[in-house]
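To keep things clear, I will list the structure first and then write my remarks on it.
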Amino acid sequence: MIKYILKRLMYILLALFVIVTATFFLLRVAPGNPFASERNFPPQIEAKLNEKYGLNNPWYIQYKDYLIDAATFDFGESMKYKARSTNDMIAEGFPVSLTLGIEAMLLAIGFGVLIGVVAALYHNRFPDYLATTFAVLGISVPSFILAGLMQYFLAYKLQLFPISGWQGFSYSVLPALAIAFSHMGFIAKLTRSSMLEQNNSEYVKMARAKGLGKWTVVFRHTLRNALLPVVTYLGPLTAGVVTGSFIVEQIFAVPGLGKHFVQSITNRDYTVVMGTTVFYAIILLFAVFIVDILYSVIDPRIRLKGAKK
């Protein structure tokens, strides 16, 4: 396990290097510059700003400085917001995005697994049809469309929740649901399929022959093995929650990191774009890494040391 962890950490560093390099060159190749949108901007001031942020240096000097800054987690000052560093913007927005992301993941996993279990237990009956319909709708409807519908019906018409902002728990319910809904449907389908497969296994038949109840068999035997595909999905789920929050945070005016990321792309704010990209990449890569480690915890039959054999 230790050897496997060290090997995966090396792969994470390699992946980060590729992401950092790709982000740097894509931003440099894209037309325009961070100060192109400013009106009545004297060339002398623009030259001073380019010199301050090192934009006049050769590309390899800029690349070297960027690698050093990324390695030390010092992403520099914003090119559009005066006296604001990228690190401060990350420290300000990430707790909000983290709170929203955790709520969305708990909703997606909790309700997704529950719906999948109920659908499997009542296979080819009304609860199964209802759960399957819900899952298909969840997968089919994009989060930004669902966010707009929730704002109109639940917030504006019924006034059950605030329309936008971030001033308490009630403000997080709708954006968390909008992000979680599609993942909830996908997890429900994964759980249903895996549960149906496990229900036909010999050990489940033996447990039923011993006289164990339906829900006892589910919680003691079937569910643990059926959760392995769901654990596999936790990596893509983290990526979906993080990237899905970009637009949803804009729609609900949530002051999270996704809002800063979208605005920095619009403003061509190089330092903020590259800093938030590296930060998100680290989170997603470590999320996938933790999922791999959880495999052997949930299913003891998995032994990484025998992979070569």
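The values are calculated or read from the model by the stated rules, or taken from the named source; none is laboratory data. Worth saying up front: this structure is predicted, and the values here are computed from it rather than measured. Cβ: placed from backbone, ideal geometry, glycine included. Neighbour counts: every protein chain shown. For the accessible areas, the whole protein counts, side chains as well, though only heavy atoms, and no ligand, DNA or RNA atoms are used. Shrake-Rupley method; radii C 1.70, N 1.55, O 1.52, S 1.80 Å.
Within the stretch 178-204, residues that are over 30 Å from Ser245 (Cβ atoms) reach partners that are open to solvent by 40 Å² or more (accessible area, probe 1.4 Å) and not in a helix (DSSP H, G or I) with beta carbons closer than 9 Å, at six or more positions or on different chains, in the pairs Leu196/His123; Asn199/His123. Just to confirm my filter: which helices (runs of 4 or more DSSP H) fall fully inside the stretch 150-230 and include at least 2 residues that are buried (at least 21 other Cβ atoms within 10 Å of the Cβ)? Fully inside the stretch 150-230 and qualifying: 170-199. Each residue in the stretch 242-257 was checked for being open to solvent by less than 20 Å² (accessible area, probe 1.4 Å) and within 15 Å of Ala281 (Cβ to Cβ), and 1 pass. Would it be correct to say that Ile115 is among the β-branched types (Val, Ile, Thr) and over 30 Å from Arg28 (Cα atoms)? So Ile115 fits the description; yes. Considering the stretch 69-86, the residues that are part of a helix (DSSP H, G or I) and in contact with a helix residue (DSSP H, G or I) (Cβ under 7 Å, 6 or more places away or on another chain) include one that is surrounded by the most Cβ atoms within 10 Å (Cβ to Cβ), namely Thr86. Of all residues in the stretch 108-127, those satisfying the criterion of being more than 22 Å from the chain's Cα centre (by Cα) and without any contact (Cβ under 8 Å) to a residue 60 or more places away in the chain are Val118, Tyr122, Asn124, Arg125, Phe126, Pro127.
Residue-by-condition table, conditions (1) of a type in the set (Val, Ile, Thr); (2) at pLDDT below 85:
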{"residue": "Ala176", "(1), (2)": "no, no"}
{"residue": "Gln198", "(1), (2)": "no, yes"}
{"residue": "Gly235", "(1), (2)": "no, yes"}
{"residue": "Val254", "(1), (2)": "yes, no"}
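Checking the condition touching a Gly at 6+ places or on another chain (Cβ under 6 Å), within 30 Å of Asn199 (Cβ to Cβ) and open to solvent by less than 30 Å² (accessible area, probe 1.4 Å), which residue from Ala104, Ala135, Ala131 passes? Outline the logic, then answer.
Details: Ala104 fails: touching a Gly at 6+ places or on another chain (Cβ under 6 Å); Ala131 fails: touching a Gly at 6+ places or on another chain (Cβ under 6 Å).
The conditions single out Ala135.
Of all the criteria given as (1) at pLDDT 75 or above; (2) among the polar types (S, T, N, Q); (3) in contact with a Gly (Cβ under 9 Å, 6 or more places away or on another chain), the one not satisfied by Gln263 is (3).
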